[in-house]
Amino acid sequence: MIKYADRFTEWLVELGYSDCFFVAGGNIMHLLDAARSRMRCTPFVHEVAATLAAETFNEIGAVDGRRAFVLVTAGPGLTNAVTGLAQSWLESRELLLVGGQVKSSDLASGGIRQRGIQEIDGVAIARPCCVVAERVESPVDRAAIAGWIDSGRTGRKGPVFIEMCLDAQGAPVAPDFGSATNASATPATAVSDDALVDTARTAARWCREAKRPVLLIGGGVTRETAARVRAALVTASIGVMTTWNGMDRVDAGDPNYLGRPNTWGQRSANVLIQQADVIIALGTRLGLQQTGFNWQAFAPLARIVHVDIDPAELTKGHPHTELAIAADANAFLSVLLSHDLGDHESWLAFGREVRTALPLSDPANTHAAGYVDPYDFTMAVGKLASANDLIIPCSSGAGFTVPMQAFPQKFGQRISTAKGLASMGVGLSCAIGAALAGGGRRTILFEGDGGFSQNLQELATVAVNAVPLKMFIMSNEGYASIRMTQRNYFGGAYLGCDTRTGLGFPDWPLLFRAYGIPALDLDERGTAHPAFLEAFNGPGPAAFIVPVDPEQTYFPKISSRVTASGSMESAPLHLMTPDLDWDVAERVMPDLHAGV
C-alpha cells in the first residue's frame, strides 16, 4: 500500500507537471513529501508569489514543455493565494492550485465557524474565480482529477483549485488505485469546421473590399500559432495591431505593424483603428480597456468581425459587431490567412506616416533635471534587449503603461502582463515564474517602487535560485497613477501616494545588498551610465534603480469630457489628451471629425 498523496502526485507527473511551487505547512505535509521525490520543488516566501509565479511559468511556456502547479496549506495558505487565482481567472490562464485542509472528521458542521486548526472553507472562497473548485475528503480516482485539471486547460482557460483533506492525503491505497486513464477532453468548437471556413471566407472578402482593414491580434492567438503563420502574416497587405496580451505575437518592426490601441494605448494606433473600415478581432474580449469606456464611439467607421472562444464575450452588448464567431482564434487565423486579403499598401503607407507624426515619446511630457524620461529609457532598454529575452511590465505608470506604450518588442521575446485585475506588486513574483520557465533566458522586469515594495520579500527567492532577472525599479517615491488622480481631480490634495504623505520606501541599494544582489543606482544618463551594460548583460540577477520625477506626466491618455448636456463621458480612443494641433489632427485622421 502507498499513500494517496503519492498516487495523486504520480498522476500530476503523468499530466505534465514537473515543478511544484510551494509554501510549506502542516496541512500539506503528505503532499509535499510526495512531490519532493518526483518534482523540482521551489519554495517561496509567500503564497501569492508562488501562485503568480506558477501562472506566469505556464503562460510564458517552459522551454522544455514543463508545467508548474502550486501547493499551499489550509487557511491562510489559501486566502493568501486568492489574488493569484483572481488574476488567472480574469486573464484566462491555466493554473492548478492544490490546497491542504484539515482532516475530514474535523471539518466544521452544524453552523460552527471552525473546528480544525487553520480551517476555512477554501472551496467556497475560491469557487467564484475558478473553472473548477473541488474538495477531496477521501481518495478519488485519476479520471476525476484529470477531468478537473483538463477543464482549466481547454476552451477558455482558467484556474483549478483542488482542496485535499489531511486524512485523504495520508490514506493508504493500492499502487494501482484509480489507474484507469481518460483521454483529454477536446474543447467543443462553437461553430462547425464548415461554418468556420465560411465565416473566414466572409471576413476575407470584407478585407478585400475594404480600404483600411485592421487585424487585431489578442492573447487568444498563441505564440505557437504566431510563429507558424508568421511568414503569411508579415507579407499580408493588411494593417496588424495587437492587444497588450497579444503584444509579442508580432515584431514592432514588421512592415504592416500599426501598434497597440488601448485606453492607455499608443496614440498613433488609436487614431488608426478609429479610421479602420474593417476590423477582425481575434482572441480578444474587446473589453473596455480595448475599446475605451466610451465604447459606443469605438471604430465608428468599421465593420467588426469578433472571434472569441467564449460565447458570453460575444453577446455582452459592447462594442458593436457585424459578425460574431464563437471559435478558436488560432484555427480562424490560419484559415483567414489562406485567403487573398487584398492589396492595401496605401493604407499601410498612411499608417507609417501617422506613426512617424505621433511619436511614442510624446513631447507634451515633462520632468525635472536629474531624472530620466521613462519613455525614452524604456525604448532604450528595448533596443538593447535581445529577441530571446522575457519581458514583464507590471503595476502602472512608469512600470507598466509606459512599456505598454513604448517598448519596441522583437519577435521571439515572450512578454507577459496582467491588467484585468490590475494588482500592484505582482511583477516580481511573475518575473520569477518567467525566469524559472526560461531555462536561463534573461528576464526583464519593469516595476514601480510602490508595486515592488508589496512583494519584495521574494528577493530571497531570486537570490537563492540565482535567476537571471534584471529588475528595473522605476523610483518616483510613490504611486504615480494615484498621485496623478489626486492632482487632476482633487487639486493636488495628496494623501498616501508618496513619501511626503505617509508612504515609506527602503534604501534600495542597501535592500538589494542584504540579499546579495548587485544594484546600480542610475542617474539621468539612464542606459548610457558607464556601468549599465556590464550589469545588464552579466549573469544572474541585478537591480537598476531608475530615477523618475515624482511629478512626471504620462501622456497621451484618455480623459473625460463634458458633453453638450453637461454630463461627463470618456473621450473616444482617437481624442487623447493633450489635444493635437489642428493641422496635425487634420493630417493624421482625415476620416474623422478631429474635434480639436
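The values are calculated or read from the model by the stated rules, or taken from the named source; none is laboratory data. On a predicted model such as this, the values are computed, not experimentally measured, just so you know. Here Cβ is always computed from backbone atoms with ideal geometry, including for glycine, and neighbour counts include all displayed protein chains.
One table, with the values for the structure above:
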{"read-out": "Residue identified as closer than 27 Å to residue 196 by Cβ and surrounded by fewer than 17 Cβ atoms within 10 Å (Cβ to Cβ) among 345, 322", "value": "322"}
{"read-out": "Top-ranked residue in segment 418-467 [being in contact with a helix residue (DSSP H, G or I) (Cβ under 7 Å, 6 or more places away or on another chain) and hydroxyl-bearing (Ser, Thr, Tyr); ranked as modelled with the lowest pLDDT]", "value": "423"}
{"read-out": "Matching residues in segment 475-494 - criterion: being exposed (fewer than 11 other Cβ atoms within 10 Å of the Cβ) and at negative phi", "value": "489, 490, 493"}
{"read-out": "Residue count for segment 39-67, restricted to those that are of a type in the set (Gly, Ala, Ser) and more than 13 Å from residue 430 (Cα to Cα)", "value": "2"}
{"read-out": "Selected residue (only one of 483, 442, 487 is basic (Lys, Arg) and within 30 Å of residue 257 (Cβ to Cβ))", "value": "442"}
{"read-out": "Criterion (among the acidic types (Asp, Glu), in contact with a strand residue (DSSP E or B) (Cβ under 6 Å, 6 or more places away or on another chain) and within 15 Å of residue 542 (Cα to Cα)) met by exactly one of 521, 449, 498", "value": "521"}
{"read-out": "Filter pass, residue 277 being under 20 Å from residue 406 (Cβ atoms) and in contact with a strand residue (DSSP E or B) (Cβ under 9 Å, 6 or more places away or on another chain)", "value": "no"}
{"read-out": "Residue among 288, 358 that alone is more than 20 Å from residue 236 (Cα to Cα) and touching a Ser or Thr at 6+ places or on another chain (Cβ under 6 Å)", "value": "358"}
{"read-out": "Flag if residue 588 is among the aliphatic types (A, V, I, L, M), out of contact with any Asp or Glu (no Cβ under 6 Å at 6 or more places or on another chain) and surrounded by fewer than 16 Cβ atoms within 10 Å (Cβ to Cβ)", "value": "no"}
{"read-out": "Any hit, segment 133-143, residues being of a type in the set (A, V, I, L, M), in contact (Cβ under 8 Å) with a residue 40 or more places away in the chain and in the same structural domain as residue 6 (by TED's automatic domain parsing)", "value": "no"}
{"read-out": "Single condition residue 9 does not satisfy, out of (1) free of Cβ contacts under 8 Å to residues at least 24 places away in the same chain; (2) among the polar types (S, T, N, Q); (3) surrounded by 24 or more Cβ atoms within 10 Å (Cβ to Cβ)", "value": "(1)"}
{"read-out": "Among the candidates 395, 386, residue that is touching a strand residue (DSSP E or B) at 6+ places or on another chain (Cβ under 9 Å), outside the structural domain of residue 233 (by TED's automatic domain parsing), part of a loop (DSSP other than H, G, I, E, B) and at pLDDT 95 or above", "value": "386"}
{"read-out": "Residue 312, sole failed condition from (1) assigned to a loop (DSSP other than H, G, I, E, B); (2) farther than 18 Å from residue 215 by Cβ", "value": "(1)"}
{"read-out": "Close pairs (6 angstrom Cβ cut-off, 6 or more residues apart or separate chains): in contact (Cβ under 8 Å) with a residue 60 or more places away in the chain and in the same structural domain as residue 32 (by TED's automatic domain parsing) in segment 76-97, among the hydrophobic types (A, V, I, L, M, F, W, C) and in a loop (DSSP other than H, G, I, E, B) anywhere", "value": "86/421; 87/418; 87/421; 90/421; 91/418"}
